[in-house]
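Have a look at the structure below, then the notes.
The values are calculated or read from the model by the stated rules, or taken from the named source; none is laboratory data. Fair warning: this is a prediction, and the values are worked out from it, not measured in the lab. Don't worry about glycine lacking a Cβ; one is built from the backbone with ideal geometry, like all the others, and counts go over all protein chains shown. Accessible surface areas use protein heavy atoms only, side chains included; no ligands, DNA or RNA. Shrake-Rupley method; radii C 1.70, N 1.55, O 1.52, S 1.80 Å.
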Amino acid sequence: MHPLSATLRSMADPVPETLVSSRQPRLTWSNISRLIRLPNQTGTWLLLLPTLWALVLAARGLPPWHLVVIFALGSFLMRSAGVVLNDLADRSFDRHVARTQRRPLASGDLAPIHALMVVTILLSLAATLVYLLNVQTILLSPIALLLAALYPFAKRIIHIPQAMLGIAFGWGTIMAWTASRGTIEAPAWFIFAATICWAIGYDTIYALQDQQDDRRIGVKSSALFFGSYTWLAVGIALVVMLILLGIAGWMAEIGWIFYGVLATGGLYGVKQVVELKSPVEPARAFRMFHEHVWLGSAVLIGLIAGFLL
């Protein structure tokens, strides 16, 4: 049988009864919370931290607090909207993946119309925040929405959809820089590129959880693409990320403490790469992915310290 035919046939198979909700879809707070991953905000942090890097570099120190609040709330709203859009696009896939088959749309606890209502509210609130920023940033905001809408379909087309995630997350750094300085300068693009590399690194680790299911249903991921060389790909992505951040800091004439933090981050990256050379259990892959919040937070502290100390 042709691989594509096998994939389509697999996805057409009925979902086991134990995986389908016996209740009618209901728009409840509990289901909304599950839909937007409210108990797990790792994704929000991974979206927010690069924007904070950009704000600190642009301000050469502590940025205005109103910008920090706006981008923090915006990161929560856009990440929430992003996962809803992702679940809408992937609900037929999610029913056949062990880790995702109990998500509200995949299980039938919520209907697509419910998800559309939720994402409309989230995007409306995010748009309200954007209108508190300068004109240049407002003009950049439709690109953020376009990238969020395109990302769920990347895994159907390109072998490294994690790069699209990085572009979507990285666009926040461009908006943050523009919100702070009213223009886009060279360091902003280096932070943007560093964010793309970072996302390829940590999301490749995340994708290790679903390799068997992704291969079976025909979904592309960097973990499948790199295969036994995943450790090398993650290592290269993290090294390039740190180099790009170093260049951005050099352009902003930051102090030596920042480079010490980057070096320490490099040692942490080595630890993860060494671990990835051996098979990694899904639970461990998720913990390794989550640890990148601490890496991003360390970079942020290093940026602040580099300017203030």
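The GluC sites (Glu not before Pro) of the stretch 244-309 that DSSP puts in a loop, and whose beta carbon has at most 12 other beta carbons within 10 Å, are GLU253. Within the stretch 114-190, the chymotrypsin sites (Phe, Trp or Tyr not before Pro) that combine a DSSP coil assignment with at most 11 other C-beta atoms in a 10 angstrom radius are TYR131.
Trypsin sites (Lys or Arg not before Pro) within the stretch 153-213: which are DSSP loop residues with at most 16 other Cβ atoms inside 10 Å? Numbers along the way, then the final one.
Details: sites: LYS155, ARG156, ARG181; in loops: LYS155, ARG156.
When the trypsin sites (Lys or Arg not before Pro) of the stretch 153-213 are filtered for loop state and at most 16 Cβ neighbours within 10 Å, ARG156 remain.
The modelled label-to-label distance for the pair LEU125/ALA111, using points 7 Å beyond Cα in the direction of Cβ, is 2.4 nm.
In percent, rounded to a whole number, the relative contact order of the chain is 22, using alpha-carbon pairs under 8 Å and six or more apart.
Once you charge only the Cβ atoms, +1 for Lys and Arg and -1 for Asp and Glu, what is the size of the charge dipole of the stretch 159-301 about its Cα centre, to the nearest 20 debye? Could you put the intermediate results ahead of the total?
Working: 8 positive and 9 negative charges, 32 e Å.
In total the dipole reaches around 160 debye.
What FRET efficiency comes out for ILE236 versus ILE184 if R0 is 30 angstrom and r is the Cβ-Cβ distance? Round to the nearest 0.05. E between ILE236 and ILE184, to the nearest 0.05, is 0.65. Taken per residue, the accessible surface of the stretch 68-154 reaches 43 Å², heavy atoms only and a 1.4 Å probe. Label-to-label distance, TRP294 versus GLN211, with points set 7 angstrom from Cα along the beta-carbon direction: 2.4 nm. How large, in percent, is the carbon and sulfur part of the accessible surface of the stretch 108-244 at a probe radius of 1.4 Å? That share works out to 73 percent. The string of couplings for the stretch 220-234 from the Karplus curve (6.51, -1.76, 1.60, θ = phi - 60°) is 8, 7, 5, 4, 6, 5, 7, x, 5, 9, 4, 4, 6, 5, 5 Hz, one whole number per residue in order, with x for Gly and Pro.
Structural size metrics of the stretch 56-153, computed from C-alpha coordinates, are Rg and Dmax of 16.2, 49 Å.
Specify whether the C-alpha gyration tensor of the stretch 16-102 places it in the rounded, prolate or oblate class, a ≥ b ≥ c being the square roots of the eigenvalues: rounded for a/c under 1.5, otherwise prolate if a/b is larger than b/c and oblate if not. Mind showing how you got there, number by number?
Working: a/c = 4.02, a/b = 2.69, b/c = 1.50.
It is prolate, given that a/c is not under 1.5 and a/b is the larger ratio.
What shape does the chain have by the C-alpha gyration tensor, where a ≥ b ≥ c are the square roots of the eigenvalues, rounded means a/c under 1.5, and otherwise prolate means a/b greater than b/c and oblate the rest? In terms of gyration-tensor shape, oblate. Solvent-accessible area per residue in the stretch 209-309 equals 51 Å², computed with a 1.4 angstrom probe and all protein chains kept. For the stretch 289-298, the Karplus equation 6.51 cos²θ - 1.76 cosθ + 1.60, evaluated at θ = phi - 60°, returns couplings of 4, 4, 5, 5, 4, 5, 5, x, 5, 5 Hz by residue, with Gly and Pro reported as x. Measuring max minus min along each principal axis, the C-alpha atoms of the stretch 196-259 give extents of 50, 17, 14 Å (largest first).
Once you have the alpha carbon radius of gyration of the stretch 106-260, what is it after dividing by 2.2 N^0.38 Å, with N set to its residue count?
Working: Rg = 18.1 Å, N = 155, 2.2 N^0.38 = 15.0 Å.
The stretch 106-260 yields a ratio of 1.21.
With charges only on Cβ, +1 for K and R and -1 for D and E, what is the dipole size of the stretch 53-139 about its Cα centre, in debye, rounded to 20?
Magnitude of the dipole: close to 180 debye.
Projecting the Cα positions of ALA149, VAL219, TRP189 onto the charge dipole of the chain (unit charges on Cβ atoms of Lys, Arg, Asp and Glu, taken about the Cα centre) puts VAL219 furthest along the positive direction. Give me the one-decimal nm value for the distance between modelled label points at TYR229 and ALA59, 7 Å along each residue's Cα-to-Cβ direction. That separation, rounded to one decimal, is 4.3 nm. Remark: the LEU27-ILE247 segment gains 74.4 nm on full extension, using 0.36 nm per residue and subtracting the alpha carbon distance.
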